[in-house]
Amino acid sequence: MNDTLTFTAILTGIAHSGIRLATPYLYAALGEMFAQRSGVLNLGVEGIMLMGAFSGFYALSTTGSPWLGLLAAILVGGLLGLLMAFVSVTLQAEQGISGIRLAANFRGTGNDPLAHWRTANELGLVVSAPSSPESLGSAEFAEVLRLFPDLPIVIEHLGGAQIGMTLDEFQPVLALAAHDNLTIKLPGFGEFCRLPHPFQDVPDFADRVLKAYGPRRMMWGSDWPPVSSREGYDSSLSFPRNYFAGISDDERTWIFGKTAQKVWNLPVVY
């Protein structure tokens, strides 16, 4: 009898968790269903939901009114959806994806372990690669670079630079600068500097990456939302900008905007 009750409790818990965790995905799927019927392929539905949730929480925490929080969430979600529709329908922008995220040493489990990389190369996509010095120096990533020398790959998080990492451990990241198809993201310095901010002891990883890759193959990225629990979004931008105050304005413009625009084919605003 006890075994039966335990088994029933387990099944009930699984069903309860499944329904609870699947609800946000269900909302996103329903929203995309209506969007596609109107002729819009919106691959950012979950992002719109996230921004709506963030705006609702911010409004609630600021005003103390749950109704204003709900209104803020609805307005922000609706405005972002309207913006997507305007760009896609009115301006006739191309709908689809421009990139994919694959770990540097990723391999598929099907008949062709390199199928994801191969398809990205054939479609002209950009691969954003979460990585570490170990994965960047792996035989798997070396094979990718050999087989797909023209595939644009963005190395994330300064190649996995971390607090306490030595220059010898970081060296594989710098060695890859010889491959012209690679660019590298400069994150908030809280990834490899000890808090509190402003950081006092700053290893020269960013300087070495700039020297190896050059400003036209280096792009800033905030690492939001994790950065919110470190130095904060504002500081993740202001500290690197101040850190590189000694380089030319043109070099700074590439690092903090133009490199990303070039790699991701974003509209030019300069």
Please work out which residue is surrounded by the most Cβ atoms within 10 Å (Cβ to Cβ), limiting yourself to segment 235-264 and to residues that are out of contact with any Phe, Trp or Tyr (no Cβ under 9 Å at 6 or more places or on another chain) and among the hydroxyl-bearing types (Ser, Thr, Tyr). 238
Hey, can you tell me all the residues within segment 124-139 that are surrounded by fewer than 16 Cβ atoms within 10 Å (Cβ to Cβ) and more than 20 Å from the chain's Cα centre (by Cα)? 134, 139
I'm told residue 229 meets every condition in (1) within 20 Å of the chain's Cα centre (by Cα); (2) closer than 23 Å to residue 261 by Cβ; (3) polar (S, T, N, Q) except one. Can you identify the failing condition by its number? (2)
Residue 199 vs. criteria over 16 Å from the mean Cα position of the chain (by Cα) and over 28 Å from residue 137 (Cα atoms): yes
Residue selected from segment 13-58 under the condition of a type in the set (Val, Ile, Thr) and modelled with pLDDT of 80 or more, by the criterion farthest from residue 90 (Cα to Cα): 14
If the requirement is being of a type outside the set (Phe, Trp, Tyr), free of Cβ contacts under 8 Å to residues at least 12 places away in the same chain and under 24 Å from residue 219 (Cα atoms), which of these qualifies: 124, 110, 160? 124
Condition test on residue 202, is it touching a residue at least 40 places away in the same chain (Cβ under 8 Å), assigned by TED's automatic domain parsing to the domain that holds residue 152 and part of a helix (DSSP H, G or I)? no
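The values are calculated or read from the model by the stated rules, or taken from the named source; none is laboratory data. Just so it is clear, the structure is predicted and the values come from calculations on it, not from any experiment. Counting neighbours? That spans all protein chains shown, and the Cβs are built from the backbone with ideal geometry, glycine included.
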